[in-house]
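The values are calculated or read from the model by the stated rules, or taken from the named source; none is laboratory data. Given the structure is predicted, the values throughout are model-derived calculations rather than measurements. Positions of Cβ are generated from backbone atoms using ideal geometry, with glycine treated the same way; all protein chains shown enter the neighbour counts.
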Amino acid sequence: MPLEFGLWRVDDKPVRVVTRPMPLESRLEGLIEADPGILGTPLMLIGRQVPTQHGKFVDLLGMDAEGSLHVLELKRDRTPRDVVAQVLDYGSWVQELSNEQVRDIYGAYARERSLPEELDEAFALRFGGSPPEALNSTHSLTIVASEVDAATERIVGYLASGFQVPVNVLFFRYFEDEGRSYLARTWLIDDAEAAAPSAGAKARGKQEPWNGTDWYVSFGDEREGRNWDDARRYGFVSAGGGEWFSRTIRSLPVGARVFTHIPKAGYVGVGTVSGEAQPFEDALLDVDGESRRMAELPLTGAYRPAGSDAARDGEAVSRDGEAASRSGEAIPQDGEDRREWIVPVAWERAVPREQALWRPGFFANQNSACKLRARFTLDEVSQHFGVADDPAGA
């Protein structure tokens, strides 16, 4: 049974605030839309009266910080069988929504309300970060009501506890006191007991489609011994300091287009990978039409792991182009490859760090390199830097 509670005004002596029948059920949808915090769960609404392919309309559709979808259906005096069957039908529809369909639903909702048109931007403003690559990995179903009968409670409890169906009932209590109205809420099933998909449940998260060409590269600069001015001038991206950091950048294929991001700054360049990854000591770069060893170039960055023989002996490359000693390039005894790996890049456009582009909702990732699927980021960065957003048609 749901938790029952009362409300007292205690200005002087305790006076119980009267509970009234909910006259707001027809308005409750609008109240939730105005402040989803009423639900007690941080949500971003992405749709209201959302049409399904079965000719029905979901009252409210929300998204949480994990990218999971939340179906909110008001009871509206329907019978237990009707309301439970309806919300389960909505669940069968929601679980099949693709990433693109979720974004289209939000786009239609946003255009009617003068909200940010891109889901990524709205998500960042609501939750403080970009959305996960896979949206709709899970979903939950919530029946919103002022009261339900015992049959509905039994059915919902049976589905949630016996079959791990992610369904619950959110009750609202309505109070009146000296001309003021109040709402209070409670759940049929406590959060700690609420059903969630089992560990073996099939993940249904949908990623945005990848165009097969565009990659994201994170260029950690000064603190890691790299320098973005070097990368702009000589045409490269790099990563190192350990296997975890260099593994992904070593996988960049020749011909890939890279959107390069400096953490805590923004996007600074777009270019095409022009050669295979090589360790710093062996890397060759095209400088003014001539193939040059990177280790012989006048560089601002060090590009050697801290503690290597070369770094300890002060044998890093000098400004006059003197070749560095290769005494520090061996992999240490612990077997961890901490070398800096260099990937040559022909820049289409690259700007100084101070001119980095960043907007709420842009994609960022802790990996040194990964496939870039975020359409919002691709479109905005391409437009800003004046490059084709479709490399195949460039």
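Descriptive notes on the structure:
- Pick from the stretch 214-237, criterion closer than 18 Å to Val351 by Cβ and among the small types (Gly, Ala, Ser), ranking: farthest from the chain's Cα centre (by Cα): Gly235
- Failed item, numbered, when Ser291 is tested on (1) out of contact with any Gly (no Cβ under 8 Å at 6 or more places or on another chain); (2) in a strand (DSSP E or B); (3) buried (at least 20 other Cβ atoms within 10 Å of the Cβ): (3)
- Any hit, the stretch 32-51, residues being part of a strand (DSSP E or B), of a type in the set (S, T, N, Q) and either touching a residue at least 40 places away in the same chain (Cβ under 8 Å) or closer than 15 Å to Val144 by Cα (or both): yes
- Which numbered condition Arg111 misses (of (1) modelled with pLDDT of 90 or more; (2) touching a helix residue (DSSP H, G or I) at 6+ places or on another chain (Cβ under 6 Å)): (2)
- Residue that is surrounded by the most Cβ atoms within 10 Å (Cβ to Cβ), among those in the stretch 145-159 that are modelled with pLDDT under 90 and aliphatic (A, V, I, L, M): Ala145
- Complete set of residues in the stretch 109-165 that are over 24 Å from Leu188 (Cα atoms), of a type outside the set (Gly, Ala, Ser), in contact (Cβ under 8 Å) with a residue 40 or more places away in the chain and part of a helix (DSSP H, G or I): Tyr109, Leu119, Asp120, Glu121, Phe123, Leu125, Arg126, Phe127
- Identity of the residue in the stretch 182-217, among the β-branched types (Val, Ile, Thr) and part of a loop (DSSP other than H, G, I, E, B), that ends up modelled with the lowest pLDDT: Ile189
- Residues (assigned to a helix (DSSP H, G or I) and among the acidic types (Asp, Glu)) located in the stretch 73-97: Asp82, Asp89
- Which listed residue is at pLDDT 95 or above, buried (at least 17 other Cβ atoms within 10 Å of the Cβ) and either more than 29 Å from the chain's Cα centre (by Cα) or more than 29 Å from Leu119 (Cβ to Cβ) (or both), from Pro344, Pro305, Pro352: Pro344
- Lone qualifier among Ser130, Ser98, Ser140, Ser92 - being surrounded by 13 or more Cβ atoms within 10 Å (Cβ to Cβ) and over 26 Å from Ala34 (Cβ atoms): Ser98
- For the stretch 220-244, the set of residues classified as crowded, with 22+ Cβ neighbours inside 10 Å, hydrophobic (A, V, I, L, M, F, W, C) and either touching an Asp or Glu at 6+ places or on another chain (Cβ under 9 Å) or free of Cβ contacts under 8 Å to residues at least 24 places away in the same chain (or both) consists of Trp228, Ala231, Phe236, Ala239, listed by residue number.
- Among residues of the stretch 108-125 being within 17 Å of the chain's Cα centre (by Cα) and small (Gly, Ala, Ser), the one that is surrounded by the fewest Cβ atoms within 10 Å (Cβ to Cβ) is Ala124.
- Residue that is farthest from Val387 (Cα to Cα) [pool: residues in the stretch 219-251 that are in a loop (DSSP other than H, G, I, E, B) and modelled with pLDDT of 95 or more]: Asn227
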